[in-house]
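Just below is one structure, and these are the notes that go with it.
The values are calculated or read from the model by the stated rules, or taken from the named source; none is laboratory data. From a predicted model like this one, the values you see are computed outputs, not experimental measurements. Ideal geometry is used to build each Cβ from the backbone, glycine not excepted, and the neighbour counts take in all protein chains shown. For the accessible areas, the whole protein counts, side chains as well, though only heavy atoms, and no ligand, DNA or RNA atoms are used. Shrake-Rupley method; radii C 1.70, N 1.55, O 1.52, S 1.80 Å.
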Amino acid sequence: MTNPGETNPAVEQLIARSHSLGADPRTTNYGGGNTSAKGVAVDPATGEPVDLLWVKGSGGDLGTLAPSGLAVLRLDRMRALTAVYPGVEGEDEMVAAFDYCLHGKGGAAPSIDTTMHGFVDAPHVDHLHPDAGLAIATAADGEELTRRIFGDKVLWVPWRRPGFQLGLDLAAIANDNPDVVGCILGGHGITAWGQTSDECEANSLWIIRTIDDYIAAHGKPAPFGGVRDGFTALPDAERRARALALAPTLRAIASQDRRMVGHFTDADVVLDFLASAKAPALAELGTSCPDHFLRTKVKPMLLDLPPSAPLEQTIARLHELHAAYRDDYAGYYQRNADDDSPAIRGADPLIILIPGVGMFSYGINSQTARVAGAFYTNTINVMRGAEALSTYAPVPEREKFRIEYWALEEAKLQRLPKPKPLAAKVALVTGGAGGIGSAIARRFAAEGACVVIADLDADKAVQVASEIGDADVALGLGCDVRDSAQVQAAVDAAVLAFGGLDIVVNNAGLAVSKPLLETAEEDWDAEHDVLAKGSFLVSRAAARVLIDQGLGGDIVYISSKNSVFAGPNNIAYSSAKADQSHQVRLLAAELGAHRIKVNGINPDAVVRDSGIFAGAWAANRAATYGVPEEELGAYYAQRSLLKREVLPEHVAAVAFVLCTDEFSHTTGLHVPVDSGVTGAFLR
Ligand SMILES: NC(=O)c1ccc[n+]([C@@H]2O[C@H](COP(=O)([O-])OP(=O)(O)OC[C@H]3O[C@@H](n4cnc5c(N)ncnc54)[C@H](O)[C@@H]3O)[C@@H](O)[C@H]2O)c1
Ligand SMILES: [Zn+2]
């Protein structure tokens, strides 16, 4: 769909400027800020010229803004809203009135910041949340600093929650002071404007750079104070090991109210902050920008032990801190909520800081978790700037609450689609590059899971992962399930990439079909090493994480019809499959106390896409049954009760449902996916 005026030069300039501003994370936080342009277009209804405002709509990121992400409003109607504006108490109602100012279908939904753009006379306006701007905006004497740094060129607007009134406040300054090029919005960010798009962008960047230069010239050399003894970063390998050892506990902490996936970073900026003397006091003051509160909560949870503390003691302390965090959050809610406030949304931390190790951030999907971490990194930069010149003093708790539990934000959350069945779950699929494994990985991802595709063929694993999605969704890696170190590395990679593990599918396999007397020891070992031993190693490594997380979990074995059916010429493969099937029962019994379900699937004759059938196996089977190789799929289908060919998707569908709540009370089960083979009926 084209947006009215999409080809308007003002829109082209606006999109180009937005991309340029959004490309640098120092200019604004991910998804934060908005840009606008005013211009004249021909009104298709009258053929007359009409003054329009194009402004970035709600949601999306400046760096990838497309014309469809712009709201398009009639400037005359939008500005006429001042006549019906009831005053700041009723400002939230004005959002609904934007719908009566739209031009045509209006494009994207107008954001709360629309008035800030519309009421300023200048044709081009940027509103941004740069770390540098926020450093001044959150400095205790931000107003005075603004004057000192900018004189009369950039003025201070005291904090108020974004909305209609803030737009009026800002426009009054912009329109009454022709020499002013922008404002510092207390506790919030910056807004700049210009007569041309280039001038607007130049003004935005000039404000940011001028602050950076001022901090460099006048800031304290060590804004976070000295280094805390013992709290500096562990060496690389130890840091990684410690992160892995703590990750399951931390995910459990973040997921008490709702399952979350995690993101880990040990960037220098984080480690340096965590090593600093001021980290405890500053972390307590919370995050810096109204855009952050929903993603990071008002404050992080900070471990108060050095990385040298014994692991057991650290874990025990984290549980104590978690309990205290929950009490504190409940207190914050109770202190600030009134009868109209939305219900409390969960009291677990979304940012957990571990000195010497790094930052774990959490969200309902991997992208949200990663962005939460990026936001807290923004906060660290803001605090450093504010402390370099002054004292970090973000908006008071009450105002943070008014943002976090704002009725307008709640309405947005309520409009979000219902989470998918595997949302916030992390699944590892061995042999995930193959026919059945890749179908399972695709299905899991489509149902909301983050997937790790571990396969002997690393290139193919990476390829399948990239077909499924970006790094927020899928990770492909090489792993030989016969090697315990490689298995551990794959589980570790899943935990570091997505914060934990919930589902593991033992699917890696290969097949030889030979009569007993022709079966070599190597044939036997090849089957048993991958199917029996490989599954054991994967289940063992995964179970350690699942048990430590305490969030239950699923282990699924892709066994085979041949685990119960004594087919011809199949001693090595089928006995290894039977071994896998008994692992299902044994582990179901052993892991049930941890709410870990262990179930199996017995497929048969999945010819399409199967690497197994592409090899000698197919020729052997075809010869065994006396049919041409290319008719093997049809032969198997005819042999079945349902007379239907089994495809990888059919196996994937069962793997999926076994891991949903629909099967919450089922463990130790094998489900045949064979179109009905009486000889393989279970009893
Ligand atoms: N295709 C069928 O008819 C059928 C029937 C019953 C059971 N199964 C089982 O389903 C599973 C998947 O089979 P498929 O038909 O998709 O075959 P496939 O060959 O397409 O996939 C198997 C995958 O496992 C990988 N793999 C092999 N050895 C490995 C190792 N040591 N470490 C890690 N990965 C390894 C392979 O690289 C391959 O990508 C196997 O366990 C197989 O026994 C298949
Ligand atoms: Zn803002």
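Summed over region 209-246, residues that are among the aliphatic types (A, V, I, L, M) and more than 27 Å from Ala281 (Cβ to Cβ) total 4.
Looking at (1) assigned to a loop (DSSP other than H, G, I, E, B); (2) open to solvent by less than 20 Å² (accessible area, probe 1.4 Å); (3) in contact with a Lys or Arg (Cβ under 8 Å, 6 or more places away or on another chain), which one does His103 not meet, given that it meets all the others? Answer for His103: the failing condition is (1). Output the residues belonging to region 204-234 that are surrounded by 15 or more Cβ atoms within 10 Å (Cβ to Cβ) and either free of Cβ contacts under 8 Å to residues at least 24 places away in the same chain or in a loop (DSSP other than H, G, I, E, B) (or both). Gly219, Pro223, Phe224, Arg228, Phe231, Thr232, Ala233, Leu234 - these are the residues of region 204-234 that are surrounded by 15 or more Cβ atoms within 10 Å (Cβ to Cβ) and either free of Cβ contacts under 8 Å to residues at least 24 places away in the same chain or in a loop (DSSP other than H, G, I, E, B) (or both).
Screening Ser111 on (1) assigned to a loop (DSSP other than H, G, I, E, B); (2) surrounded by fewer than 17 Cβ atoms within 10 Å (Cβ to Cβ) shows it passes everything except condition (2). Here Ile190, Ile136, Ile173 are screened, and the one residue that is over 35 Å from the mean Cα position of the chain (by Cα) and either in contact (Cβ under 8 Å) with a residue 12 or more places away in the chain or more than 16 Å from Glu91 (Cβ to Cβ) (or both) is Ile173.
Here Glu645, Glu649, Glu630 are screened, and the one residue that is of a type in the set (Asp, Glu) and more than 18 Å from Lys561 (Cα to Cα) is Glu630.
With respect to the stated conditions, Ala281 fails to be more than 22 Å from the chain's Cα centre (by Cα), more than 30 Å from Pro221 (Cα to Cα) and surrounded by fewer than 21 Cβ atoms within 10 Å (Cβ to Cβ).
Which members of region 48-91 meet the condition of being of a type outside the set (A, V, I, L, M), in a helix (DSSP H, G or I) and open to solvent by 70 Å² or more (accessible area, probe 1.4 Å)?
Residues of region 48-91 that are of a type outside the set (A, V, I, L, M), as a first pass: 48-49, 51, 54, 56-61, 63-64, 67-69, 74, 76-77, 79, 82, 85-87, 89-91.
Those still in the list that are in a helix (DSSP H, G or I) too: 63-64, 67-69, 76-77, 79, 82, 89-91.
Those that are of a type outside the set (A, V, I, L, M), in a helix (DSSP H, G or I) and open to solvent by 70 Å² or more (accessible area, probe 1.4 Å): Thr64, Ser68, Asp76, Arg77, Arg79, Glu89.
Looking for something at positive phi, exposed (fewer than 14 other Cβ atoms within 10 Å of the Cβ) and not acidic (Asp, Glu) - is there at least one such residue anywhere in region 622-633? Don't jump to the end; show me each part of the working.
Applying the first criterion (at positive phi) to region 622-633 yields 626.
Next, from what is left, pick out any that are exposed (fewer than 14 other Cβ atoms within 10 Å of the Cβ): 626.
Then keep just the ones that are not acidic (Asp, Glu); that gives 626.
Within region 622-633, one or more residues are at positive phi, exposed (fewer than 14 other Cβ atoms within 10 Å of the Cβ) and not acidic (Asp, Glu).
The residues in region 24-47 that are more than 18 Å from His124 (Cβ to Cβ) and open to solvent by 80 Å² or more (accessible area, probe 1.4 Å) can be counted, and the count is 7. Filtered by the rule that a residue be within 18 Å of Leu551 (Cβ to Cβ) and either buried (at least 24 other Cβ atoms within 10 Å of the Cβ) or within 16 Å of ligand 2 (Cβ to nearest atom) (or both), region 496-512 gives Phe498, Gly499, Gly500, Leu501, Asp502, Ile503, Val504, Val505. Of the residues Thr660, Thr667, Thr678, the single one that is open to solvent by 40 Å² or more (accessible area, probe 1.4 Å), touching a residue at least 60 places away in the same chain (Cβ under 8 Å) and not aromatic (Phe, Trp, Tyr) is Thr667.
Within the bounds of region 300-313, is there any residue that is in contact (Cβ under 8 Å) with a residue 60 or more places away in the chain and within 16 Å of ligand 2 (Cβ to nearest atom)? Give the steps one after another, and end with the answer.
Going through region 300-313, the residues in contact (Cβ under 8 Å) with a residue 60 or more places away in the chain turn out to be 300, 306-308, 311.
Then drop every residue that is not within 16 Å of ligand 2 (Cβ to nearest atom), which leaves none.
No, every residue in region 300-313 fails to be in contact (Cβ under 8 Å) with a residue 60 or more places away in the chain and within 16 Å of ligand 2 (Cβ to nearest atom).
Looking only at region 415-433, which residues are over 21 Å from Gly476 (Cβ atoms) and of a type in the set (Ser, Thr, Tyr)? Those that are over 21 Å from Gly476 (Cβ atoms) and of a type in the set (Ser, Thr, Tyr): none in region 415-433. Under the condition of being closer than 21 Å to Pro394 by Cβ and assigned to a loop (DSSP other than H, G, I, E, B), the residues counted in region 295-340 number 5. Gly87 meets the conditions (1) of a type outside the set (A, V, I, L, M, F, W, C); (2) within 14 Å of ligand 2 (Cβ to nearest atom); (3) farther than 30 Å from Val40 by Cβ in every case but one. The failed one is (2).
Within region 82-104, does at least one residue satisfy the condition of being within 27 Å of Thr287 (Cα to Cα) and free of Cβ contacts under 8 Å to residues at least 40 places away in the same chain? Explain how you work it out, then say what you get.
The initial filter retains those residues of region 82-104 that are within 27 Å of Thr287 (Cα to Cα), namely 88-89, 91-92, 95.
Still in the running and free of Cβ contacts under 8 Å to residues at least 40 places away in the same chain: 89.
Yes, the conditions are met somewhere in region 82-104.
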